[in-house]
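Q: One structure is given below, represented as structure tokens, and several questions about it will come after.
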Amino acid sequence: MLTGKCIVIGITGGIAAYKVPDLVSRLVKAGADVHVVMTGAATKFITPLTLQTISRNPVTCGMFEIPDKWDVKHISLADKADLLAVVPATANIIGKVSAGIADDLLSAVIMATKAPVLFVPAMNVHMYENPILQDNVRKLEGYGYRFVEPDRGRLACGYEGKGRLPGIDVIFDDITGILKKTGDLAGKTFLITAGPTREYLDPVRFLTNGSTGKMGYAIAGAAHSRGARVILVSGPVNIPAPKGVEHIPVMSAREMFAAVKEHYQEADIVVKAAAVADYSPKETSPVKMKKGPGDLEVVFERTPDILQYLGENKDKQVLVGFAAETDNLVENAARKIKSKNLDLIVANDITQPGAGFGTDTNIVKLIYRDGRIEQLDKMAKEEVAHRILDRLIAMF
């Protein structure tokens, strides 16, 4: 299954390190060439000799070890890797990579590699729930790094909660899944819209919505990691654009419409994940409006219907829309797929916990042009993104 694939396994200083030899053994049996990098703390939990015996390759622990043959170890490992997995990933290694620190061999390899990087966190529940750790995870996900959710249960420290290393089968399946997907979108161009738009009433006031862009950015990062060229047209958000995508920042619905029209003919697949304002003030004051004695009346006009335009001018493109609804989810989404000439619509009820704006998870229904409906379970937006891409590949 993994013949010809080089996998670098990074082990950090957590008690779950004792489970990693089983993972390495599974990968070797599947045909992978496995190279292990251990931090100094990891060697306190398990010996390099164990991993060296199982992987059949030398285990590297220090940046300045003298190699058998000359090479710059962190660069040679980074270059040969088809995937790098950090198992277990402590709060320390996640924080260091998030901050751009490369002060040991493992963090230097992570910083130098162009291969997909998968973190498998395992730590105390309070450490995992710490907002600093969660911010670091979100930041790294924004850059295209991938994470496996830890399990819930009794932890080595005696606490109960989220923080256990997932089962080896789960980690193995994630690694093989990533490797199978690598490059499967090569040669395809994605045009993706994300985030909200702002329709200004005056220089300081505007009409907008609660979209954070997380779903659209997750799709952009996932498509790029699978070899696609990605053009990301984004409204104002507070997350970084995924590394490697062509980022076009816009503000208003009209600006987004202009950018989409400019690049539409380049695209093979268009994903309209942006939450675009339907209306804009008919008149915009050039100066800040002052509060008057009475009520304020504002006349609004329709903004361009970007999705309608794309559907009417569709040529070779596969067109994917989104429907964020509060009621009659399936009926409203099905109506939209026909009226906008879509191939697929991703529908979610934003009133459900874990499915609204700003969450790290989503609960969606995939509704196809032929009427089929596929319900996805609640999962991280990055995983939802890959599920959508899997379905689009099948549609090709």
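The values are calculated or read from the model by the stated rules, or taken from the named source; none is laboratory data. Given the structure is predicted, the values throughout are model-derived calculations rather than measurements. Reconstructed Cβ throughout: ideal geometry from the backbone, glycine too, with neighbour counts over all protein chains shown.
Q: Would you call ARG154 over 20 Å from ARG254 (Cα atoms), touching a residue at least 12 places away in the same chain (Cβ under 8 Å) and not assigned by TED's automatic domain parsing to the domain that holds VAL299? Walk me through it before giving the result.
A: Details: over 20 Å from ARG254 (Cα atoms): yes; touching a residue at least 12 places away in the same chain (Cβ under 8 Å): no; not assigned by TED's automatic domain parsing to the domain that holds VAL299: yes.
For ARG154, the condition - over 20 Å from ARG254 (Cα atoms), touching a residue at least 12 places away in the same chain (Cβ under 8 Å) and not assigned by TED's automatic domain parsing to the domain that holds VAL299 - is not met.
Q: Looking for whichever is touching a helix residue (DSSP H, G or I) at 6+ places or on another chain (Cβ under 6 Å) and farther than 23 Å from GLU383 by Cβ here; the options are ALA99, ALA156, ALA122. Which one fits? Steps first, please.
A: On the way: ALA99 fails: touching a helix residue (DSSP H, G or I) at 6+ places or on another chain (Cβ under 6 Å); ALA122 fails: farther than 23 Å from GLU383 by Cβ.
Going through ALA99, ALA156, ALA122 in turn, the sole match is ALA156.
Q: Please go through the stretch 244-285 and give me each residue that is in a strand (DSSP E or B) and aromatic (Phe, Trp, Tyr), ordered by number.
A: Kept after step one, since they are in a strand (DSSP E or B), are these residues of the stretch 244-285: 246-249, 269-272, 275, 279-281.
Selection gives TYR279 alone.
Q: When you scan the stretch 53-70, do you find a residue that is closer than 18 Å to THR43 by Cβ, assigned to a strand (DSSP E or B) and either assigned by TED's automatic domain parsing to the domain that holds TYR143 or at pLDDT 95 or above (or both), even just one?
A: Yes, there is a match, as at least one residue in the stretch 53-70 is closer than 18 Å to THR43 by Cβ, assigned to a strand (DSSP E or B) and either assigned by TED's automatic domain parsing to the domain that holds TYR143 or at pLDDT 95 or above (or both).
Q: Give the residues of the stretch 377-392 that are at pLDDT below 90 and over 16 Å from the mean Cα position of the chain (by Cα), sorted by residue number.
A: Matches in the stretch 377-392: ASP377 only.
Q: Which condition from (1) within 23 Å of PHE357 (Cα to Cα); (2) surrounded by fewer than 16 Cβ atoms within 10 Å (Cβ to Cβ) is the one that GLY167 breaks?
A: (1)
Q: Only one of these is assigned by TED's automatic domain parsing to the domain that holds PHE206, part of a strand (DSSP E or B), of a type in the set (A, V, I, L, M, F, W, C) and modelled with pLDDT under 90: ALA355, ALA334, ALA347, ALA324. Name it. First the steps, then the outcome.
A: Values: ALA355 fails: part of a strand (DSSP E or B); ALA334 fails: part of a strand (DSSP E or B); ALA347 fails: modelled with pLDDT under 90.
Answer to the check: ALA324.
Q: State the number of residues belonging to the stretch 10-33 that are crowded, with 24+ Cβ neighbours inside 10 Å, of a type in the set (A, V, I, L, M) and not in a helix (DSSP H, G or I).
A: Matching residues across the stretch 10-33 total 2.
Q: Keeping to the stretch 11-27, report how many residues are under 12 Å from PRO48 (Cα atoms) and either outside the structural domain of ALA41 (by TED's automatic domain parsing) or not β-branched (Val, Ile, Thr) (or both).
A: Residues meeting the conditions: 3.
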